[in-house]
Amino acid sequence: MSQEQELSSFWGFISRSIERIIACLEGLSADEMNWRPVENANSLYVLATHILGTTEENLLGVLCGQPVQRKREAEFAVQGTSLEPVRLKWQELQGRIKSSLDGLPSGELERERMHTRRGKLTGREVLIVVARHAAEHMGQAELTRDLLFASQGKQPPPREY
């Protein structure tokens with residue numbers, strides 16, 4: 001598999017997981033977007049904000065070597081009133097990531113780089129970390145949405161996979 005094919009495959013899995021996280025916010029009120037199933041759990045809005053922040057940091061910052069300004073702790077305290085800021089950030093981020101991955105020089109998946117919290121990682125390992133992280137939060141978001149609907153005595157709408 002070529003580097004371009006591998007990058008495309010990873011990006012497909014990552015972006016579909018993020019799309020499913022964002023879809024969990026569709027049609028919810030501000031209270032519902034910020035609802036937490038238990039005291040220290042993350043809300044759907046937090047999960048969406050966090051996955052965008054960590055994806056930007058890891059793919060653009062760590063993998064592609066671009067400057068990224070991220071306030072990780074703030075992602076876990078955020079409260080949203082509308083899905084629109086998340087959607088806009090995702091649209092902007094998708095374009096930047098896609099063009100950056102398309103321009104990644106040959107051999108970058110094997111090259112090691114330093115991650116501030118995880119130590120040395122190859123480019124491929126960065127992609128694995130992001131894909132795994134997005135999938136974990138996708139499952140968490142879908143479960144949180146199911147719990148939200150259950151707390152209201154409603155059936156969650158069916159998911160499209």
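Can you find a residue in region 66-79 that is of a type in the set (Gly, Ala, Ser) and at pLDDT below 95?
yes
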Practice task
Look through GLY80, GLY65 and report the one residue that is of a type outside the set (D, E, K, R), open to solvent by less than 30 Å² (accessible area, probe 1.4 Å) and either without any contact (Cβ under 8 Å) to a residue 12 or more places away in the chain or not in a helix (DSSP H, G or I) (or both).
Solution key: GLY80
Handout entry: Answer from LEU59, LEU63 - the residue that is over 28 Å from LEU147 (Cβ atoms) and touching a Gly at 6+ places or on another chain (Cβ under 7 Å)
Key = LEU63
Fill in the blank from the handout: Subset of region 130-161, residues of a type in the set (Ser, Thr, Tyr) and surrounded by fewer than 17 Cβ atoms within 10 Å (Cβ to Cβ), comes to SER151, TYR161
Practice task
Might you check whether a residue that is more than 19 Å from MET138 (Cα to Cα), at pLDDT 95 or above, touching a helix residue (DSSP H, G or I) at 6+ places or on another chain (Cβ under 6 Å) and of a type in the set (Val, Ile, Thr) occurs anywhere in region 31-54?
Solution key: no
Completion exercise
Going through region 97-129 in order, the residues found to be under 18 Å from the mean Cα position of the chain (by Cα), open to solvent by less than 70 Å² (accessible area, probe 1.4 Å) and closer than 19 Å to PRO67 by Cβ are ILE97, SER100, LEU101, HIS115, GLY123, VAL126
Fill in the blank from the handout: The condition of being in contact with a Leu (Cβ under 7 Å, 6 or more places away or on another chain) and outside any loop (DSSP other than H, G, I, E, B) holds, among ALA141, ALA134, only for ALA141
Fill in the blank from the handout: Here the qualifying pairs (Cβ atoms under 7 Å; residues six or more apart or on different chains; first in region 19-44 and closer than 17 Å to LEU88 by Cβ; second basic (Lys, Arg) and open to solvent by 60 Å² or more (accessible area, probe 1.4 Å)) come out as ILE22/ARG87
Problem - Every residue from region 83-96 that is exposed (fewer than 15 other Cβ atoms within 10 Å of the Cβ) and in contact (Cβ under 8 Å) with a residue 60 or more places away in the chain - result: ARG87
Practice task
Would you please list the contacts, defined by Cβ atoms under 9 Å and residues six or more apart or on different chains, that run from a residue in region 121-135 that is under 14 Å from GLN3 (Cβ atoms) to a residue that is open to solvent by 30 Å² or more (accessible area, probe 1.4 Å) and assigned to a strand (DSSP E or B)?
Solution key: THR122/GLU112; GLY123/GLU112
Practice task
Scan region 23-62 for residues that are open to solvent by 10 Å² or more (accessible area, probe 1.4 Å), in contact with a Leu (Cβ under 8 Å, 6 or more places away or on another chain) and either within 23 Å of ARG113 (Cβ to Cβ) or assigned to a helix (DSSP H, G or I) (or both) and jot them down.
Solution key: GLU32, TYR45, GLU56, VAL62
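The values are calculated or read from the model by the stated rules, or taken from the named source; none is laboratory data. Everything numeric in this text was worked out from a predicted model, so none of it was measured. Cβ coordinates were reconstructed from backbone atoms using ideal geometry, including for glycine residues, and neighbour counts include every protein chain displayed. Side chains included, ligands, DNA and RNA excluded: accessible areas come from the protein's heavy atoms. Shrake-Rupley method; radii C 1.70, N 1.55, O 1.52, S 1.80 Å.
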